[in-house]
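Scroll down for the structure; my scribbles are underneath it.
The values are calculated or read from the model by the stated rules, or taken from the named source; none is laboratory data. Remember, it's a predicted structure, so these values are computed and weren't measured experimentally. Don't worry about glycine lacking a Cβ; one is built from the backbone with ideal geometry, like all the others, and counts go over all protein chains shown.
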Amino acid sequence: MTQVSQHTEQLVRDAVLAGDVAAWEIWYNAYFDKLAAYARWRTAGHMALADEVVQETWLLAIRKLASFDPTRGAFEAWLIGIAANVARNLVRSHQRERHRQACLAQTQRETASTPPPESQEGVALALAELPEHYEQALRMKYLEGRCVDAIAGELRQSPKAVESLLTRARQAFREAYQKVNHE
Amino acid sequence: MNEDHDDLSALLAPVPAPTAGDQQQALRPRLELAIRSRARWRACSRAGLAVVIFLMGVGLGWFLRTPADVPTLQEQVRMETVFVPIPVPLESPVDESPAEAVAKTPGELELQAELSSQPEQAARLYRLAGDGYLERLDYVQANRCYRLSLHFAGPAGLELHPQDSWLLTSLKNSLYLEKTHASQTQTGH
């Protein structure tokens, strides 16, 4: 992030903290679509969950805006970081609720097994189980469609290190996905 | 690597946005309300913090005030002077008029006596002048003034009084003896 963009984000941050809604519109219009796309990706297309992730992320960003420091990173990265935590919590909470309802239905019907999670839900659960740096690497690769060199530039690492990171991230996702589907 | 990539591309591909529904516009009023209420809350918090800091400063100042500001027990006790009248006997052989009291020196008293036209007053002033000279151990002048006092006082001035000085008493005695001797001598002749 350049010095100019840092300074701009600092001004926007201060204006929003002072209650300037017009300043907030700058960020809201610029990053809403990106955040919504990320939420859909994290919830694997579960629209109700994705909408909830978007809403909770924006509200949380407003509440925690005083802790945003432009010198430590861009607003987009800070916002996506909040969204990742919100999505992880919501997906897990949704899964627990679904599991509880399945147990109730099993008791009532006395069936032998619980229904396996759907493919969408399995992806969301597997992403929620991944460590942050693996999730970040997969997001850059599959959601944002960046090449290895671009990811290396963003993460300030060598392309070889990024390739290795992606391999480990894919492996971790595959294991988490299989684990979720077998539960 | 390519196999992995293709394998996960289907699962991790971006999900297209739904055509219906405009969440961005629907969420906007709520976020604007949150921004304004958050700003008001921050302003109130800052004002409250300022008030708290001010009150803490006032409290600290009151707590750390100098001992001079604290009223001590010593200062709280009012010092009152009670005047107790103690009668002191002053030895005054004769009554002094205001004019005589002003003229304190024997010379001045003697001058007033010379200027006086009344014998009683002249006798009294000469006597006072004699007392003054006697206090100054000027026996010659005291003797002269006492004699003049007895001269103007007449026979009644020979009566002895406890307030009389030793010189005046001695003069009165000698004059009394002289008069007695003179009268006896005249009777004898």
- Query: Which residue pairs have Cβ atoms under 6 Å apart, sit 6 or more places apart or on different chains, and have a first residue in the stretch B:37-66 that is within 11 Å of another protein chain (Cβ to nearest Cβ) and a second that is surrounded by 10 or more Cβ atoms within 10 Å (Cβ to Cβ)?
  - Reply: B:Arg38/A:Ile62; B:Ala39/A:Ala18; B:Ala39/A:Gly19
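Quick check on the stretch A:71-90. Is at least one of its residues at the interface with another protein chain (Cβ under 10 Å from one of its Cβ atoms) and either within 25 Å of A:Gly153 (Cβ to Cβ) or in a helix (DSSP H, G or I) (or both)? Steps first, answer last, please.
Restricting attention to the stretch A:71-90, the residues satisfying the condition of being at the interface with another protein chain (Cβ under 10 Å from one of its Cβ atoms) are none.
Checked the stretch A:71-90: no residue is at the interface with another protein chain (Cβ under 10 Å from one of its Cβ atoms) and either within 25 Å of A:Gly153 (Cβ to Cβ) or in a helix (DSSP H, G or I) (or both).
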- Query: Hey, any hits in the stretch B:165-178 for a residue that's at pLDDT 85 or above, among the small types (Gly, Ala, Ser) and part of a helix (DSSP H, G or I)?
  - Reply: yes
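With respect to A:Arg63, determine if the residue is surrounded by 15 or more Cβ atoms within 10 Å (Cβ to Cβ), facing another protein chain (nearest Cβ under 8 Å) and among the charged types (D, E, K, R).
On the way: surrounded by 15 or more Cβ atoms within 10 Å (Cβ to Cβ): no; facing another protein chain (nearest Cβ under 8 Å): yes; among the charged types (D, E, K, R): yes.
Considered against the rule, which asks whether it is surrounded by 15 or more Cβ atoms within 10 Å (Cβ to Cβ), facing another protein chain (nearest Cβ under 8 Å) and among the charged types (D, E, K, R), A:Arg63 comes out as no.
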- Message: Between A:Gln55, A:Gln6, which is polar (S, T, N, Q) and in contact with a Ser or Thr (Cβ under 8 Å, 6 or more places away or on another chain)?
- Response: A:Gln6
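Within the group B:Val140, B:Val88, which residue is at pLDDT 80 or above and either part of a loop (DSSP other than H, G, I, E, B) or of a type in the set (Val, Ile, Thr) (or both)?
Details: B:Val88 fails: at pLDDT 80 or above.
Going through B:Val140, B:Val88 in turn, the sole match is B:Val140.
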- Query: Do any residues in the stretch B:120-141 that are of a type in the set (D, E, K, R) have Cβ atoms under 7 Å from those of residues that are outside any helix (DSSP H, G or I), where the two are at least six apart or on different chains, and which pairs are they?
  - Reply: B:Arg124/B:Val94; B:Arg127/B:Val94; B:Asp131/B:Pro93; B:Asp131/B:Ser165
- So, in the stretch A:134-168, of the ones that are surrounded by 14 or more Cβ atoms within 10 Å (Cβ to Cβ) and touching a Pro at 6+ places or on another chain (Cβ under 7 Å), which residue ends up nearest to A:Arg40 (Cα to Cα)? A:Leu143
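Examine the stretch A:15-24 for a residue that is part of a loop (DSSP other than H, G, I, E, B), facing another protein chain (nearest Cβ under 10 Å) and not aliphatic (A, V, I, L, M), and state whether such a residue exists.
The first filter runs over the stretch A:15-24 and keeps only residues part of a loop (DSSP other than H, G, I, E, B), leaving A:18-20.
From what's left, facing another protein chain (nearest Cβ under 10 Å): A:18-20.
In the following step, the residues that additionally are not aliphatic (A, V, I, L, M) were identified as A:19-20.
Yes, some residue in the stretch A:15-24 is part of a loop (DSSP other than H, G, I, E, B), facing another protein chain (nearest Cβ under 10 Å) and not aliphatic (A, V, I, L, M).
Just give me the residues in the stretch B:119-166 being under 18 Å from B:Leu109 (Cα atoms), surrounded by 14 or more Cβ atoms within 10 Å (Cβ to Cβ) and of a type in the set (A, V, I, L, M, F, W, C), in sequence order. Before you say what the answer is, go through the steps one by one.
If we filter the stretch B:119-166 for residues that are under 18 Å from B:Leu109 (Cα atoms), which is where we start, we get B:119-153, B:164-165.
With surrounded by 14 or more Cβ atoms within 10 Å (Cβ to Cβ) added as a condition, the list becomes B:121-134, B:138, B:141-153, B:164-165.
Residues satisfying the conditions are B:Ala122, B:Ala123, B:Leu125, B:Leu128, B:Ala129, B:Leu134, B:Ala142, B:Cys145, B:Leu148, B:Leu150, B:Phe152, B:Ala153.
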